[in-house]
Amino acid sequence: MTPPQNTTVTSDDEQGVEPVDGISIDDLSAVEEVLVLDFGGQYSQLIARRIRECGVFAELLPSTTPVEKIRERAPKALVLSGGPASVYEPEAPPFPTQLLDLEIPMLGICYGMQAMVLALGGRVESAETGEFGRTDLVLRDDGGRLLGGLPPEQSCWMSHRDVVFEAPEGFTALASSPSSPVAACEFPDRGLYGIQFHPEVVHTPYGTEILTRFLRDIAGCEQQWSPKSVIAEQVERIQAQVGDGKVICGLSGGVDSSVAALLVHKAVGEKLTCVFVDHGLMRLNEAEQVVEAFEQFGIPLIHVEAEERFLAKLAGVDDPETKRKIIGAEFIRVFEEEAEKLEDVSFLVQGTLYSDVIESGGSDHAATIKSHHNVGGLPDDLEFDLVEPLRMLFKDEVRAVGAELGLPERMVWRQPFPGPGLGIRIVGGEVNRERLDILRSADAILQEEIRAAELYRQLWQSFCVLPVVRSVGVQGDGRTYAYPIVIRAVTSDDAMTADWARLPYDLLERVSNRIINEIRDVNRVALDISSKPPATIEWE
Ligand code: XMP
């Protein structure tokens, strides 16, 4: 079950990136890591993120990973994720009992716990009613090694139907909830721990404390990892990969390609050239900000002002998929032309993130698959070797690395923006300069007011849409016949699901008044209050 999205947006004050002290390059071979074995749970990525937030590097591997491979990695501990299956389903991924031979601490979460308990002789049964959402947890006795010292009664987040009725021999039951007689159990002598609830979601108030306890007190982790430590490691790796070769990087203006470029520049200096294809579909002043930032860093940048080319190709095109294709194809053409001019380039930088890596095959069991929007849209058959310095990082870690490398705050925190840009936000009609100017002006007002209200970082995306229809209005003594602007603002963790943001009325009123007063061709402002699913975030 999906926990409620945080739809009530509050101001940004506590959202700063705080790079923690990192470790030096000499220590990197000794980086301690925890492996999260993924049984297909919707929170598996989140478990890895939370462990990293506790200062321990964590990586997600499929639950079917051969035990020998895990042994080679010498992890400090294993965490077994939740999963959508019932342990009694024929296809249910089994608990790999050879993991016990590794003799390292292991924490099973939800399905991970049930599978472990069942394999070791405990009793797990399918209950009539499951537990979904906020649930009361009551500790037994002193709470044991894992939960000892925490409040005897607390709430936690549950999402399960199978229930552990009896822990296996040697285990101690540590807690119960209304429907789970054994909601947590442990066998400290064998390093085995299990919890039915999800410590990784914010709705389990003591979740981080429980994870920290497992990592620090039980697994003996030193908690020294931070996104900052990635910088030294990646610089060394990039230098080893690239040697004396020439590198090219396509900038989109977004945080991923910018941070990837900064890391590569740090590693190979002027051997990197960035290409920024300005298709004329960016937001107000965005192209200038990118150019300015990269000039400040002294990174060689080719700024291709290609608006005319793109708009000429888009003339008369109404169909959204055709628009996308035209923009994508033209982007590649421009990029290739520039790459050819540079000569002898052998490497291409890509801002692939860890979530992309996981989604394209990191997990065997995940029930949901993200449709791929390849930002920047470069084809696979370009004859370059790929340099992907962000492959192991989550988005928030990329932001922390960007902040550490001195990327301007505006770019560090830039909301995701689609590759085809404003081209897919003019819907039901042709994309032309007049409409782009209207949409850009409206969008700039929305962004300005959202930033002034300190809500920008709370929102996954906030933008305006221009439907190509006109309606009647009245302004002064005259009737108008003008475009509407739709405000779209969503909260989301990963764009796979999203909820419409409950923006304050006074903010909406300001935005609406300003858009209608300041932009002659707009006489109506509407608010999109649809979630994803069934709607999508973008309109086209
Ligand atoms: P939807 O609209 O599918 O969007 O809910 C999910 C996320 O993907 C972004 N998006 C795109 N990104 N090219 C891109 O590079 C596209 O054609 C495209 N369409 C959607 C969208 O902004 C959201 O973050």
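Would it be correct to say that G473 is closer than 22 Å to P320 by Cα and either out of contact with any Pro (no Cβ under 8 Å at 6 or more places or on another chain) or of a type in the set (G, A, S) (or both)?
Against the criterion (closer than 22 Å to P320 by Cα and either out of contact with any Pro (no Cβ under 8 Å at 6 or more places or on another chain) or of a type in the set (G, A, S) (or both)), G473 does not qualify.
Would you confirm whether or not region 311-330 contains a residue that is assigned to a loop (DSSP other than H, G, I, E, B) and either under 25 Å from Q415 (Cβ atoms) or assigned by TED's automatic domain parsing to the domain that holds T64 (or both)? Before you say what the answer is, go through the steps one by one.
Let us first name the residues in region 311-330 that are assigned to a loop (DSSP other than H, G, I, E, B), namely 315-319.
Restricting the remaining residues to those that are either under 25 Å from Q415 (Cβ atoms) or assigned by TED's automatic domain parsing to the domain that holds T64 (or both) gives none.
No: zero hits.
Being in a strand (DSSP E or B), open to solvent by 10 Å² or more (accessible area, probe 1.4 Å) and modelled with pLDDT of 95 or more, is that true of even one residue in region 187-206? It would help to see each step written out before you state the result.
Taking region 187-206 as the starting set, the residues that turn out to be in a strand (DSSP E or B) are 187, 192-195.
Keeping just the survivors that are open to solvent by 10 Å² or more (accessible area, probe 1.4 Å) gives 187.
Next, only the ones that are modelled with pLDDT of 95 or more stay: 187.
Within region 187-206 (the criterion being in a strand (DSSP E or B), open to solvent by 10 Å² or more (accessible area, probe 1.4 Å) and modelled with pLDDT of 95 or more), the answer is yes, since at least one residue qualifies.
Please enumerate the residues belonging to region 500-511 that are in a loop (DSSP other than H, G, I, E, B) and either over 29 Å from the mean Cα position of the chain (by Cα) or within 16 Å of the ligand (Cβ to nearest atom) (or both).
The first filter runs over region 500-511 and keeps only residues in a loop (DSSP other than H, G, I, E, B), leaving 501, 503-504.
Correct list: A501 only.
Could you tell me which numbered condition P408 fails, if it satisfies all but one of (1) in contact with a helix residue (DSSP H, G or I) (Cβ under 7 Å, 6 or more places away or on another chain); (2) more than 30 Å from L342 (Cα to Cα); (3) not charged (D, E, K, R)?
Of everything listed in (1) in contact with a helix residue (DSSP H, G or I) (Cβ under 7 Å, 6 or more places away or on another chain); (2) more than 30 Å from L342 (Cα to Cα); (3) not charged (D, E, K, R), P408 misses just condition (2).
Is region 455-466 home to any residue that is away from the ligand (no atom under 14 Å from the Cβ) and within 23 Å of I326 (Cα to Cα)?
yes
Hey, can you tell me all the residues within region 451-467 that are touching a residue at least 60 places away in the same chain (Cβ under 8 Å) and either of a type outside the set (F, W, Y) or touching a Phe, Trp or Tyr at 6+ places or on another chain (Cβ under 6 Å) (or both)?
Hits for region 451-467 are A453, E454, L455, R457, Q458, L459, Q461, V465, P467.
Among the residues of region 512-540, how many are over 34 Å from the mean Cα position of the chain (by Cα), acidic (D, E) and surrounded by 14 or more Cβ atoms within 10 Å (Cβ to Cβ)?
Here the count works out to 1.
Looking at V182, V230 in this structure, which one is part of a strand (DSSP E or B), of a type in the set (V, I, T) and either modelled with pLDDT under 95 or over 25 Å from K271 (Cβ atoms) (or both)?
V182
If T497 meets every condition in (1) over 22 Å from G423 (Cα atoms); (2) among the polar types (S, T, N, Q); (3) more than 16 Å from the ligand (Cβ to nearest atom) apart from one, which number is that one?
Of everything listed in (1) over 22 Å from G423 (Cα atoms); (2) among the polar types (S, T, N, Q); (3) more than 16 Å from the ligand (Cβ to nearest atom), T497 misses just condition (3).
Looking for something touching a residue at least 24 places away in the same chain (Cβ under 8 Å), within 16 Å of the ligand (Cβ to nearest atom), of a type in the set (S, T, N, Q) and closer than 23 Å to V357 by Cβ - is there at least one such residue anywhere in region 428-450?
For region 428-450, residues touching a residue at least 24 places away in the same chain (Cβ under 8 Å), within 16 Å of the ligand (Cβ to nearest atom), of a type in the set (S, T, N, Q) and closer than 23 Å to V357 by Cβ: absent.
So, in region 127-144, exactly how many residues are among the small types (G, A, S) and open to solvent by 80 Å² or more (accessible area, probe 1.4 Å)?
Qualifying residue count for the region: 0.
In the list E388, E434, which residue meets the criterion of being among the charged types (D, E, K, R), open to solvent by 10 Å² or more (accessible area, probe 1.4 Å), within 24 Å of R309 (Cα to Cα) and modelled with pLDDT of 95 or more?
The match here is E434.
Taking P66, is it open to solvent by less than 20 Å² (accessible area, probe 1.4 Å) and farther than 20 Å from K228 by Cα?
no
Are any residues in region 104-123 over 22 Å from T212 (Cβ atoms) and surrounded by fewer than 21 Cβ atoms within 10 Å (Cβ to Cβ), and if so, which ones?
L118, A119, L120, G121, R123
Filter region 259-285 for residues that are touching a residue at least 40 places away in the same chain (Cβ under 8 Å) and in contact with a Gly (Cβ under 9 Å, 6 or more places away or on another chain) and give the result.
Scanning region 259-285 gives V259, A260, A261, L262, V275, V277, H279, G280, L281, M282, R283.
Tell me which residues, restricted to region 404-426, are more than 11 Å from the ligand (Cβ to nearest atom) and touching a Pro at 6+ places or on another chain (Cβ under 7 Å).
Within region 404-426, just E404 meets the criteria.
Quick check, is A287 of a type in the set (A, V, I, L, M), over 30 Å from E448 (Cβ atoms), surrounded by fewer than 22 Cβ atoms within 10 Å (Cβ to Cβ) and within 27 Å of the chain's Cα centre (by Cα)?
When the stated conditions are applied, A287 does not pass them.
Does S258 fit the bill of being open to solvent by less than 20 Å² (accessible area, probe 1.4 Å), of a type in the set (S, T, Y) and touching a Lys or Arg at 6+ places or on another chain (Cβ under 9 Å)?
Considered against the rule, which asks whether it is open to solvent by less than 20 Å² (accessible area, probe 1.4 Å), of a type in the set (S, T, Y) and touching a Lys or Arg at 6+ places or on another chain (Cβ under 9 Å), S258 comes out as yes.
If we scan region 518-540, do we find a residue that is out of contact with any Cys (no Cβ under 8 Å at 6 or more places or on another chain), polar (S, T, N, Q), within 19 Å of I438 (Cβ to Cβ) and assigned to a helix (DSSP H, G or I)?
no
Exactly one of these conditions fails for Y481: (1) part of a strand (DSSP E or B); (2) among the aromatic types (F, W, Y); (3) under 23 Å from the mean Cα position of the chain (by Cα). Give me its number.
The one condition Y481 does not meet is (3).
The values are calculated or read from the model by the stated rules, or taken from the named source; none is laboratory data. Note that this is a predicted model, so its numbers are computed, not measured. Virtual Cβ from ideal backbone geometry, glycine too; neighbours counted across all protein chains shown. To get the accessible areas, we keep the full protein, side chains included, count just its heavy atoms, and leave off ligands, DNA and RNA. Shrake-Rupley method; radii C 1.70, N 1.55, O 1.52, S 1.80 Å.
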